[in-house]
1. Taking a threshold of 27 Å on the Cα-Cα distance, which of the pairs K271/K310; K173/K271; K310/K368 fall above it?
2. Whole-Hz Karplus ³J(HN,Hα) for the range 277-284, in order, using 6.51 cos²θ - 1.76 cosθ + 1.60 and θ = phi - 60°, x for Gly and Pro?
3. Just order 292-298, 88-94 by mean Cβ neighbour count inside 10 Å, highest at the front, would you?
4. How big is the accessible area of V105 in square angstrom, nearest 10, if you roll a 1.4 angstrom probe over the protein chains?
5. Using θ = phi - 60° and the Karplus form 6.51 cos²θ - 1.76 cosθ + 1.60, what ³J(HN,Hα) does each residue of the range 218-226 get, whole Hz, x for Gly and Pro?
6. Report the equivalent ellipsoid semi-axes for the range 244-358 in whole Å, largest first, defined as the square roots of five times the eigenvalues of the gyration tensor built from alpha carbon atoms.
7. Could you pull out every residue, at least 5 positions away or on a different chain, whose amide H is within less than 5 Å of the one on I278? Hs are placed 1.01 Å off N in the peptide plane, and Pro or chain starts have none.
8. For the range 311-319, take each phi angle, set θ = phi - 60°, evaluate the Karplus expression 6.51 cos²θ - 1.76 cosθ + 1.60, and give the result in whole Hz per residue in order, putting x for glycine and proline.
Amino acid sequence: MAAAQPRLAGTHLRRRLDRRTRGHSRFNTPIQQQHRFNNNTDSTTTPIQQQHGGDILSSERHDLAHVQGTRKITIPPSINMVNVLGPRDEFLRLLEHQLDADIMVRGNEVTLTGTTADVALVVDVLTEMVAVLRTGQGLSSDAVERIVAMSSDADDVHPAEVLTQNILSNRGKTIRPKTLNQKRYVDAIDAHTVVFGIGPAGTGKTYLAMAKAVQALQSKQVNRIILTRPAIEAGERLGFLPGTLSDKIDPYLRPLYDALHDMIDPDSVPKLLTAGTIEVAPLAYMRGRTLNDAFIILDEAQNTSMEQMKMFLTRLGFGSQVVVTGDITQIDLPGAQTSGLRAVQGILDGIDDIAFCNLTNHDVVRHKLVGRIVAAYDQFESADTTTGTRTRPPRTGTHPAKKGPEGIRHD
C-alpha cells in the first residue's frame, strides 16, 4: 500500500484518522495541493488530491508535530474567490487573525506556511468553506468563525454538515443549527419522543424547537402545536395586572409569539391560533389534559416545580412529541422550591426514547458579548462553589453599595 501523505499532526490527528476509517463525507471537495515540508531532510514537492478523510499514519504524528513547511492549494474554478475571501477580504483577515499559519492568495491559488498542524487546520477550514459554498449557501463572518471553532475541535465533525442542515425556510430566511451541539439537539428531536434542551440564554433552545414544531406541522406529522411556559416573574413583583385573562397572560408568552412570527407568515398566525392549530397557554392550563397528535414545547422549564414537571410530562398522548427547554442557572421559583428541570435528569436519565441535550456558552448565537457574559457568570459561580463564599464583583463609581438581594439565585 502506498505511503500516506503528510496530512495532520497534533490534536487533530485522531479526528482525521477516525474519519478515514469511516469513509468520505458527503462533502467530498477536491482541492489540488502541493506541499513542501522541511524536517532537516531534503524537501520534496508532491502533488496530491485533497479529500475529506485523508490522514497520516499514527506513527508519523510525533515527527510531523513541529515540521515547518509550505503548502499550495488551488480552490476549484467553480468557486468564486470573492465568496471564499469575503467582501474586501473580510474572511481572509479573520482567518489570519484566528489561525497561526501564514496565508497568501494569488488568483485561486492559496499558499500556506507554518507547522504541519497549523497548515492542515487552514486546509480543513478552507475545505469546509468550499463545501458550504458548493451547496449554494453563502458565508458570513459568523459562519467562518464557527467553521474555525468546529475544525479546531477534536470531535469527528464536518462543519459544512452542521451549517447546511436546513430545518425551515420562510420569507427567504432559513433556520438551521449553527453549532455542533445545536445539531445534536436537532438530531435528538428527530430521534426521540421526549427531549430536554438545557443551556444558557441565547443558545437557540426554544427557537430550534419551535422550528422543528412548525416543520412537523407543515409535513403533517402532527395536527397541532402546543406552546406553554410557567407564568412566573423574573425576580420581580408586577402586582395585579389590568385587563382580561388573555391580557394578563400574554406578556409571559410573548417570546413564543415572536418566534412564531419568524417562522410562519404573520397573516396566518391569527387564523392558526383561532382554529386551535397552534395553542399558546400557561402551564397551569395543561392539567387534566391528554395531548394527542401534537408537538408540545415547554419553555422556561427551570421555573417549574417537581410536581408541575411530572404533571406536564404525563400529558403526553399518542402520536405526540415533547421538547422541554430551560436554563437551570436562571431559576425564579419562590422560596426554597426545587426546580423540576434541575431534578428531572436524575429521575429520567437512562429511560429509552428520552434524550437530554446540554448546550454551553459556546453555543450562544446572539451578540458575541452574550457568550462572554454567560462564561463570566459561570466562572463567578464556579469560584463561589469552590470557596463556599460569594465574592461580590467590585463596583465602579462613588456611590456606596446598597444592600439588597443578590443577582444570582442558588437553589
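1. K271/K310; K310/K368
2. Once θ is set to phi - 60°, the couplings for the range 277-284 become 5, 10, 10, 10, 8, x, 4, 4 Hz.
3. 292-298, 88-94
4. 50
5. Karplus-based 3J(HN,Hα) across the range 218-226 equals 5, 8, 6, 6, 9, 9, 7, 10, 10 Hz.
6. With the √(5λ) rule applied to the range 244-358, the semi-axes are 25, 18, 14 Å.
7. I225, L273
8. Values, residue by residue: 4, 5, 5, 7, 7, 4, x, 6, x Hz.
The values are calculated or read from the model by the stated rules, or taken from the named source; none is laboratory data. Source: prediction; values computed, not measured. Heads up, the Cβs are rebuilt from the backbone with ideal geometry, glycines too, and the neighbour counts pull from every protein chain shown. Quick note on the areas: whole protein, heavy atoms, side chains included, nothing else; ligands and nucleic acids left out. Shrake-Rupley method; radii C 1.70, N 1.55, O 1.52, S 1.80 Å.
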